[in-house]
Amino acid sequence: MILSSSRQAALFLLLLSVLALGIALGSERWGGLVPCALCLLERWPYRILIALSVVALMLPVRAGRWVLALAVPVLLAGAVLGVIHVGVEQGAWPSPLPECAAPHITGTTIAERLAQMPARPSKPCDDPTYLIPFLPISMAAMNLIAAAGGAVLLGGFLWRSRKGIRR
């Protein structure tokens, strides 16, 4: 068994979430990568998971399992966001976010056009970012793998330990 106690499961969840956010923020800060709007949206489940895992660690074991059960749908939501982003990157569908489209800048003078430009350059959501040069897996696909894998591991742990919840 990979996860044998609710404390280990909460620590796993905390580690997964901090690692995912740390890689994203580190690649942005030190790697010079610019996140797209979908990338920024994909970070929210991990923020929620950090809070849930900390609460699960502070609570008694039985109550902590219930908090961990709340983390499974959050992980699944992260996986769904990953599927959406990978689909956009692969050209399967357009991005559901208007921020991913090219800006519509109108105006008659250069000064008016410059005033309408965003303060920070944006990255199109259909342009995949590869963190590891020799590995053809985008960061969105890595997020999908992490979220789906985390949901499977945590869900499996909770399923195996469900008798402890009923007591």
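All of the numbers you see were taken from the coordinates with simple rules; none came from a lab. What you see is a predicted model; the values in this text were computed from it and never measured. Cβ sites come from the backbone with ideal geometry, for glycine too, and all protein chains shown count toward neighbours.
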If you split all Cα-Cα distances of segment 1-65 into 10 Å bins from zero, what percentages do you get per bin, shortest first?
22, 41, 24, 12, 1
Full-extension gain between Phe134 and Ala111, please, as 0.36 nm times their residue separation minus the C-alpha to C-alpha distance.
4.0 nm
Likely footprinting exposure, Phe157, Phe12, fewest C-beta neighbours within 10 Å first
Phe12, Phe157
Convex hull (Cα only) mean projected area of segment 27-69, reported in nm² to one decimal
3.8 nm²
What number comes out for the charge environment of Leu154, summing +1 per Lys or Arg and -1 per Asp or Glu over other residues with Cβ under 15 Å away?
+4
Label model pair Ala63, Arg47: point-to-point distance (7 angstrom along the Cα→beta-carbon line) in nm is 2.6 nm
